[in-house]
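Remarks on the structure that follows.
The values are calculated or read from the model by the stated rules, or taken from the named source; none is laboratory data. None of the values given here were measured: they were computed from a predicted structure. Note: ideal-geometry Cβ built from the backbone for every residue, glycine included; neighbour counts use all protein chains shown.
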Amino acid sequence: MSSQTSTLRRLLEILDAFSEWTGRTVSWLSLVLVLVTFLVVVLRYAFSTGSIALQESIIYLHSIIFLVGIGYTLKRDGHVRVDIFYREMRPRNQALVNLLGTLLFLLPTAIFIFWISWQYVFSSWSILEGSREAGGIPAVYLLKTLIPVMALLVVAQGIAEVIRSLLTLGNKSPVAEE
């Protein structure tokens, strides 16, 4: 194995491990989301009371789960795809489709999202934007920060997918995912 191939494999391992770690870490928030939702319902219907901040925390948790877990989902091939032809292809052809799709669609879209969201997030930070609701969570600026973070996570895993595809195409055999 050449030095370049070994470097690419190591980078692939690092990027995959990072996506795996972020996904598994954020997945625990799903349990928190269920418990908070249950608490909101119990408070509302059993005790006729509620909390705007508690209700908004459901939105925050949901956003964190999806926006931070997106790289993990990409790594696990969990995003929706029309695979009528793809699933019947040989691994090398799948690698070519993945490479082209990542380079032509995934990475440009993620970079565009990062670029276009920058001013939006900066504006929110400049006023430390909070909830519009009285008693809401005073950290909307943090929630909006997840948009460029999501884009960076997609770019990181997209680079891993490019490397995986290149290694598969170069080795004439598929590179197994973890």
Ala134 meets each of (1) buried (at least 18 other Cβ atoms within 10 Å of the Cβ); (2) aliphatic (A, V, I, L, M); (3) at pLDDT below 95 with one exception, condition (1)
Looking only at segment 94-101, decide whether some residue is farther than 19 Å from Val68 by Cβ, touching a Leu at 6+ places or on another chain (Cβ under 6 Å), aliphatic (A, V, I, L, M) and in contact (Cβ under 8 Å) with a residue 60 or more places away in the chain. yes
| task | May I ask you to verify whether Leu103 is surrounded by 16 or more Cβ atoms within 10 Å (Cβ to Cβ), closer than 14 Å to Ala160 by Cα and at pLDDT 95 or above? | result | no
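Taking the stated definitions as given, is Arg132 outside any helix (DSSP H, G or I) and basic (Lys, Arg)? Walk me through it before giving the result.
Details: outside any helix (DSSP H, G or I): yes; basic (Lys, Arg): yes.
Yes; evaluated as a whole, the condition is true for this residue.
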Listed by first then second residue, the pairs whose first member lies in segment 161-178 and is at pLDDT below 85, whose partner is not in a loop (DSSP other than H, G, I, E, B), with beta carbons under 6 Å and at least 6 positions apart or on separate chains, are Pro174/Pro91; Pro174/Thr168; Val175/Arg164; Val175/Leu167; Val175/Thr168; Glu178/Asp16
Restricting attention to segment 120-144, the residues that are under 23 Å from Gly50 (Cα atoms) and β-branched (Val, Ile, Thr) number exactly 2
Log entry, pairs with first residue in segment 140-155 being more than 17 Å from Glu56 (Cβ to Cβ), second being polar (S, T, N, Q) and part of a helix (DSSP H, G or I), beta carbons closer than 6 Å, six or more apart or on different chains, reads Ile147/Ser117; Pro148/Ser117
